[in-house]
Every structure is written in C-alpha cells, then in structure tokens.
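Derivation of every value follows stated rules applied to the coordinates shown; laboratory data play no part. Here the structure is a predicted model, which is why all the values come from computation and not from measurement. Cβ coordinates were reconstructed from backbone atoms using ideal geometry, including for glycine residues, and neighbour counts include every protein chain displayed.
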Amino acid sequence: MIVTKKCLNRRTFLRGAGAAVALPFLDAMRPAFAASSAPVVKRLAVAYVPNGIIMNHWTPTAEGTAFEFPAILQPLAPFRDQVLILSGLDSRPAFPAPGEGTGDHARASATFLTGVHPKKTEGPDLRAGISMDQVAAAEMGKDTQLASLEMCLESSDLIGGCDAGYSCAYANTLSWRNPTTPLPMENQPRAVFERLFGDSDDTGKAARLARIRQEKSILDSLLQEVSAMKRGLGPDDRNKLAQYLDATRDLERRIQKAEEQSSKELPVVARPTGGIPATFEEHARMMFDLEALAFQADLTRVATFMISREISPRSYPEIGISDAHHALTHESRPESVAKVVKINTYHIQQFAYFLEKLKSTPDGDGTLLDHVAIVYGGGISNGFEHTHTQLPVLVAGGAAGLGHGHIRFREDLPLANLHLTLLENVGVPMERFGDSNGALPRISLA
C-alpha cells in the first residue's frame, strides 16, 4: 500500500457509482496512519459431514483454551486461535415423531440448519423450515451478485426416496429457501465456476469484462423488445409481461454488481475442464478454492458445503479404505472404528486446507478468515446409534464472535441457539430461529 494523506470516502465513492452498494474494503479507504473506520464485510459458511463421528476422538478432554486437540481435530492445531469446539448442542427435531420410526439420516441433514422437524414423505409434498444460511442470504445477498452458494461433493438428486420413507431432498441438501423449497447443491466444479463467473475462460479482468458486456448487451436488447411489445398487449398480457420483467431484475442487478466490481484484482483461475476430479481430496480442495474465491471477489457472502451426504456409500481408497463410509459406522469392530476415525480426520484435513486458504487471503484490514463465521459439523454424533445429542460441532473464523477453545455446556442446548447467535454476529438478528430457546449463554474460556 502507498501511504498518502488522501483518503477515499466510501459513501462518496458509492454515490459516484450511481447506486448504494457495498464494496470490498480498499486501501484507498484507509486514512493515512489512522485506524480504519470502514465497516467489515462479514461472511457466513457451513461445512457438513455425515454418518456420525467417533466422538471420543473428537471431543477434547479439557475445557478452555489450554486443551489438546484429539486425533480427529489434530489438523486444526495451526488454527487454535480461530477455532471454538462446542460440546453439548442437540438437534431434538431430528428425533422421530411418534409412529415415524427410522429415517434418522434424512432428519439429521434436514434439521441441521433449519431446527425444524421435517415431514416424512417421499413425494413432492416436502416440508421442513427455512435454513439459517437462507435467512442470512436474504439480507446479506442484497449487496452481492449471488445471494448464496450451495455446493457438495456427491450427486444430489432431489427426487425419489433415500432413507426409510424420506425424499432424497432431505438428505441431499442443507439449504431451504422456505419450508417447502429445498435448494439443490452443485458438485461440478465447472458449473460452480460458471455460476460465479459466467462462461468466461478464466477470472482475469479482460475475460470478466467481456462477459459483462455480452450479458448487458443481451439484456438491453431484451428490454427494448419487451417495451415495444407492451404497446400491443391487453391488460392480462401486460400483467404477465410485468411478472416476467420482475424476474429479470435480479439478472440486471447481478450485471450491475459485476460492473461495479470488475476492477477488483483476483488471482487468475482458469475455468475447470472435464467433470469430477479423480480423487476426493482434489475435488474437495477445488470446491473450497472456488468458495474462497467467491468470498474474495465478494460475489456472495453466504455458502454451504456438504463434504459428504448422509448414508454416503463413498469409499476412500486414497487413504486405504475400500469399505463404504456409512456401512463402517454400523460396525463395532475396532478395525472398523479405526477406519471411521481415519475418514473423520481426512474430512477435517480438507477443512483445514480451506482455513489456510482463507487465512492467506488478505481482506480489508485482515484476512478472509478474520471476517468469516464458519460452522463445521454434522447432525449425528454416534453413527452406530443415530444419536442427535452432543453433536460434533465447531465454529471457526473471526466473524463468529465467540472466541476460541473448547466449551462444554452444562445443560444440553438446541443447535438452533448457535444459529441464532451467529446470525446476530454477522448482522442478521432474529428473536427466534427453529427450535431455539435463546442465544448461546455468554461463553467464558479460561
């Protein structure tokens, strides 16, 4: 940064751009030799892992900040000052209602971000609740091209049945726009890239500007034709056309945002070619790279990522495990338990890669990791018994606002209390969310 006595006023810049928009923190907005007064842009992310965790290899024995990371969490040791492990959170809505029987896996993922018991159905009459990420996206997405980003590493059909009378939609997504609308999650890196950057060949400035000009030209032409068409239509058709034009406003807004942000320097990343990468690690890290890039470019401030889905049959030959993950969690033999620990640790290793990516990416007066709140965990603790209490949950990042270390709540609390607290901390306060009964108690870590 070149230090001068000049300072770009953020509000003046936005008025000059012709719209009230939120920009990434720029060096030019920092008064020389003075503390920054520009607001911090916060992000919210969720990473989900299925089928339960071997909890005695997850939960630290000591509380506070002077604990030892257990085997599964060892990869997070370099981020000790940015990670808080929360013991004692429950998802009571994931338990079966009277007469429902099995289906714990579907209920685990359906309730993880909603705090609402899902309707048991394999048909289209789905019902759960709006998810925490979509509550945040409705507010935080007003200032970005995309309201939210939903990703996964396995195919995610939203039709058919997957778990004992439950639609696949319950197990294959975390995000619900409203109680009846689950959002599909994308597992193709190329599709994620194109959602972020269109059909540009890379993230370079020239490619982005060319894509913006093309989209703007198409939209301008469309609007001109529609305006000419309106003159010859009757009242009913005019109403229909008005509804159609309403649907184009989001596209127009995204193009405007893209124009405003086109000068932002980004690492040049080529559009992914081909399909799914050959290994789990390569696939996971490519998707985490895209998520970090989306945050860096301020294309979205909300993202959810299913590292694996419930009842996943995936095996992990790259770490010497040919057995299906889900099947292993229902075996009590020591060698099977050891394999599950290895899988749990492998997942955390990919998450640690993401944290390192965020930590190494400058953002305003800090890094992306300083300005993001991330929830990592799953809706089942003991996979053998399908337990939805004492869940494996941790939070990371400075925007979480909860400190670091390990805390064990003395009485079991709804997982939704965490969501309510994080929504408040990223600037989207609510009185109640899901089955919450209040914000988390004040966390004190010795």
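In this label model, Asn437 and Glu411 are separated by 0.6 nm, measuring between points 7 Å along each Cα→Cβ vector. Of the GluC sites (Glu not before Pro) found in the stretch 65-149, those in coil by DSSP whose Cβ has at most 13 other Cβ atoms within 10 Å are Glu68.
The gain in end-to-end length when the Lys359 to Glu100 segment is fully stretched comes to 88.8 nm, 0.36 nm per residue minus the alpha carbon separation. Stretching Ser155 away from Ala62 to a fully extended chain increases their span by 29.6 nm, per 0.36 nm per residue minus the current alpha-carbon distance.
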